[in-house]
Amino acid sequence: MSKDKYETHLFTGIVVEQDLSGNYVPKDGATLHRWRTGKHTKGKYKHTGQVFLTENNQSVAVLSQEKLSFNKRHDYVPLQRWTEATVDLRKLEAYKKDES
């Protein structure tokens, strides 16, 4: 990989919000969308259910991850940064089935 290229991954996720207890839950009416890592994405991906922030500061929980060809990166919006927050995987099960 040349110094101008960087590793890119594609993430399928769902917008989440905090409930009254401060736990992240899928937002009512939210649908699945895809984002990618970018050159300036901060933090590291660790696992399914991890929350990241979009460039519009929306919180999104990861349902799946896949490699993305560097030359196809412009087909997807980059995510801004990874957080340490996670969503209980049981709350994501119904959405993971939709993705299949």
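Using only alpha-carbon positions in the chain, the gyration tensor eigenvalues give semi-axes of 24, 14, 11 Å once each is multiplied by 5 and square-rooted (largest first). Solvent-accessible area of the chain (1.4 angstrom probe, protein heavy atoms only): carbon and sulfur portion equals 45 percent.
Electrostatic tally near residue 52: other residues with Cβ closer than 15 Å to its Cβ, Lys and Arg +1, Asp and Glu -1, net +4. Taking each of 27/96; 72/96; 42/91 in turn, the alpha-carbon distance tops 22 angstrom for 72/96; 42/91. Compared with the dominant principal axis of the Cα atoms in the chain, helix 89-99 is inclined by about 60°. For residue 50, the residues 5 or more places off, or on other chains, whose built amide H falls under 5 Å of its own are 62, 87.
Of all aspartates and glutamates in the structure, those lying under 13 Å Cα to Cα from residue 67, and not within fewer than 8 positions of it along the same chain, are 7. The label point for residue 31 and the one for residue 55, both projected 7 Å from the Cα toward the Cβ, are 2.1 nm apart. As a length-normalised measure over Cα pairs under 8 Å and 6 or more apart, the relative contact order of the stretch 7-90 settles at 39 percent.
Near residue 24, once Lys and Arg are set to +1 and Asp and Glu to -1 for all other residues with Cβ below 14 Å from its Cβ, the sum equals -2.
The values are calculated or read from the model by the stated rules, or taken from the named source; none is laboratory data. Model, not experiment: these values are computed from the prediction. Counting neighbours? That spans all protein chains shown, and the Cβs are built from the backbone with ideal geometry, glycine included. The accessibility values were calculated without ligands, DNA or RNA, using every heavy atom of the protein model including side chains. Shrake-Rupley method; radii C 1.70, N 1.55, O 1.52, S 1.80 Å.
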